[in-house]
Amino acid sequence: MSKNQHDRAHHAKKASGVGDPQCFRGEAGQAKFKNGDKVRIRDLPDIFYTRCQVYTRGAVGRITKVVYESPAAEDEAWDNTDHPEWFYSVVFRQHELWPDYPASYKNDTLETEFSERWLEQA
Amino acid sequence: MPSPSRSALMRHFDLVGQLQPAYHQPQHAPYPDAIDHAKYRALLRSSHDVGGEPDVPIEWEEKEEEQWEANTFATCECLAWRGVWSAEERRRRQNVDVGETQYLALPYYGRWLLSAARIIVDKQYVTLTELVNKIDEVKSRYEQKSAR
Amino acid sequence: MSDTHKAAPMVDEVSDFEILEMAVRELAIEKGLFSAEDHRRWIEYVHTLGPLPAARLAAKAWLDPDFKKLAVADGVKASLAVGIDWINGPPTKFGTPSDYCSFRVLEDTPKVKHVVVCTLCSCYPRTILGQSPEWYRTPNYRRRLVRWPRQVLAEFGLQLAADVEIRVVDSNQKTRYMVLPLRPIGTEGWSEQQLTEIVTRDCLIGVAMPQPGVTSNAKRPVHPAVHPIHTGH
């Protein structure tokens, strides 16, 4: 629902007995990426709101799980649920994220989720 | 509503003076050509995005919950349950829209509470006048109770 | 001693937050945004929450390899076995608005140790773990854990070998996480109940590891409430 005068119960109706994000299943079309894909995090302009942490921008990681379909947080932050996307869990090597990460801990990793718009094939 | 004393007001100005943004420049509201890409990005950043910022070790503590904190959590979840906002709207308002100073200087549930007050005004369920009058009414209810 | 050197809390007898909280709740109810009954039910629901179901889930997974597989593959489904229905349990019947219904169980191995943070707010699986601890909500924990996890874990008393992979999981979208820690040695033949008791909240976040005989979180200073919650019993 994208209009101001929307039905307040729109989410309750859609998600009751089903759950969220389960209620958006089947609405995002074909997933662009799959498990194991190497992806780079895009550096889209920051304005007003995002849940894509700046520390991940430009970094290359690997998809470990295609998690669910949901509207992106950037749209849900204004209660807009018109365009669900696929979400992915991505693992990074810590030294990919932080140039000063100690070399003696080269196995350390970090995992976090992204909506599809934030990813490009690496 | 009792009037504040001049000295209370002076203390207010002293305190507000300490709330200036940390990015000190000789001139606030600078000329547009003073803002390069790096400064623009820093200023437009979502204030909740703190991962990786340097900080010093602190003592890890537990905290007992205040009754008003539990009530605030329930109010915010009920507002979402009944469709006044989505949880993501709440997060945007309480973690980013509040701005850097309130984000870092208010208690955790203080921000939840302020954003709940703000949403019912912004979405025109109550007027700001009604909110102000209600706060005043609740306050005087308490003052009467403690005067007894 | 750390409790005593602090100044008394700087609040008047009734704080501005308490006044505003009452004002907002009363207005929302008067305007029909939700009912007093809704609010009461939510408070009641929150009182039923705590880390026990997640601890039981871990204990079950240690005892039953098939259940462990299910837990790692489908955390929401596995939660049903410990009495937590992510979707229909909360009064909404569509999950809690803030915690959603996507739940992953992160399995530690001798070579991988998980630890959870939410750098953007303090997302936490309240549905199965209860309310988050205050330190988890601090900007300090959120700033540092993603970049200096070994230092932060050391402050919590966890020192890990250099070749162990520390995997920090930043809970930034709709999935909520619990750590399934390694079952410690010295617990052979223990019952589900005995095992559940050593899986503390901190173990489930990933800043501690279960040990035989340790049934509570590390002792830390507690900041007291001025007007603590009434639990109604």
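The values are calculated or read from the model by the stated rules, or taken from the named source; none is laboratory data. Since we're looking at a predicted model, the values are computed, not measured. Here the Cβ positions follow ideal geometry from the backbone for every residue, glycine too, while neighbour counts run over all protein chains shown.
Of all residues in the range B:63-82, those satisfying the criterion of being outside any loop (DSSP other than H, G, I, E, B), under 21 Å from the mean Cα position of the chain (by Cα) and free of Cβ contacts under 8 Å to residues at least 24 places away in the same chain are B:63, B:67, B:70, B:71, B:74, B:77, B:78, B:80.
The helices (runs of 4 or more DSSP H) found wholly in the range A:2-109 and carrying at least 1 residues that are hydrophobic (A, V, I, L, M, F, W, C), out of contact with any Cys (no Cβ under 8 Å at 6 or more places or on another chain) and closer than 27 Å to residue C:113 by Cβ occupy A:94-97. Right, residue B:140: in a helix (DSSP H, G or I), more than 7 Å from every other protein chain (Cβ to nearest Cβ), surrounded by fewer than 21 Cβ atoms within 10 Å (Cβ to Cβ) and out of contact with any Leu (no Cβ under 9 Å at 6 or more places or on another chain) or not? It is true that residue B:140 is in a helix (DSSP H, G or I), more than 7 Å from every other protein chain (Cβ to nearest Cβ), surrounded by fewer than 21 Cβ atoms within 10 Å (Cβ to Cβ) and out of contact with any Leu (no Cβ under 9 Å at 6 or more places or on another chain).
Considering each of B:60, B:85 in turn, give the residue that is at the interface with chain C (Cβ under 9 Å from one of its Cβ atoms), closer than 26 Å to residue B:120 by Cα and not in a helix (DSSP H, G or I).
Answer to the check: B:85.
Quick one: which helices (runs of 4 or more DSSP H) sit completely within the range C:54-154 and have at least 1 residues that are of a type in the set (D, E, K, R) and either away from chain B (no Cβ under 14 Å) or touching a residue at least 40 places away in the same chain (Cβ under 8 Å) (or both)? Quick ask: steps written out before the conclusion?
Details: elements: C:65-73, C:75-79, C:126-129, C:134-137, C:139-144.
Helices (runs of 4 or more DSSP H) meeting the threshold: C:65-73, C:75-79, C:126-129, C:134-137.
Return the only residue of C:215, C:196, C:187 being part of a loop (DSSP other than H, G, I, E, B) and touching a Leu at 6+ places or on another chain (Cβ under 9 Å). Reasoning before the result, please.
Numbers: C:215 fails: touching a Leu at 6+ places or on another chain (Cβ under 9 Å); C:196 fails: part of a loop (DSSP other than H, G, I, E, B).
Within the list C:215, C:196, C:187, the selection yields C:187.
Restricting attention to the range C:31-52, the residues that are farther than 22 Å from residue C:80 by Cβ, aliphatic (A, V, I, L, M) and not in a helix (DSSP H, G or I) total 1.
Inspect the range A:92-113 for any residue being surrounded by 15 or more Cβ atoms within 10 Å (Cβ to Cβ), among the small types (Gly, Ala, Ser) and either out of contact with any strand residue (DSSP E or B) (no Cβ under 8 Å at 6 or more places or on another chain) or farther than 19 Å from residue C:142 by Cβ (or both) and give the result as yes or no. No - not one qualifying residue is present in the range A:92-113.
The residues on offer are B:87, B:116, and the sole one that is buried (at least 22 other Cβ atoms within 10 Å of the Cβ) and closer than 30 Å to residue A:94 by Cβ is B:87. Is one or more of the residues making up the range C:32-39 aliphatic (A, V, I, L, M), within 30 Å of residue C:229 (Cα to Cα) and surrounded by fewer than 17 Cβ atoms within 10 Å (Cβ to Cβ)? Within the range C:32-39 (the criterion being aliphatic (A, V, I, L, M), within 30 Å of residue C:229 (Cα to Cα) and surrounded by fewer than 17 Cβ atoms within 10 Å (Cβ to Cβ)), the answer is yes, since at least one residue qualifies. Residue pairs whose Cβ atoms lie under 6 Å apart, sitting 6 or more positions apart in sequence or on different chains, and linking a residue in the range A:48-77 that is aromatic (Phe, Trp, Tyr) to a partner that is in a loop (DSSP other than H, G, I, E, B) and at pLDDT below 95, are A:49/B:46; A:55/B:51; A:55/B:52. Of the residues making up the range A:27-72, just one is surrounded by fewer than 19 Cβ atoms within 10 Å (Cβ to Cβ) and hydroxyl-bearing (Ser, Thr, Tyr), namely A:64.
Do the conditions hold for residue C:182, that is, is it outside any loop (DSSP other than H, G, I, E, B), more than 15 Å from the chain's Cα centre (by Cα) and away from every other protein chain (no Cβ under 11 Å)? Give the derivation first.
Details: outside any loop (DSSP other than H, G, I, E, B): no; more than 15 Å from the chain's Cα centre (by Cα): yes; away from every other protein chain (no Cβ under 11 Å): yes.
No: the conditions fail for residue C:182.
Could you tell me whether residue C:77 is at pLDDT 95 or above, crowded, with 18+ Cβ neighbours inside 10 Å, of a type in the set (Lys, Arg) and closer than 30 Å to residue C:204 by Cα? So residue C:77 does not fit the description; no.
Which count do you get for residues in the range C:155-177 that are under 25 Å from residue B:88 (Cβ atoms) and touching a residue at least 60 places away in the same chain (Cβ under 8 Å)? Adding up the residues that qualify gives 5.
Criterion applied to A:69, A:120, A:113 was being at the interface with another protein chain (Cβ under 8 Å from one of its Cβ atoms), of a type in the set (Asp, Glu) and within 13 Å of the chain's Cα centre (by Cα), and the one residue passing it is A:113.
No other residue among A:26, A:19 is on the phi > 0 side of the Ramachandran plot and touching a Gly at 6+ places or on another chain (Cβ under 6 Å) apart from A:19.
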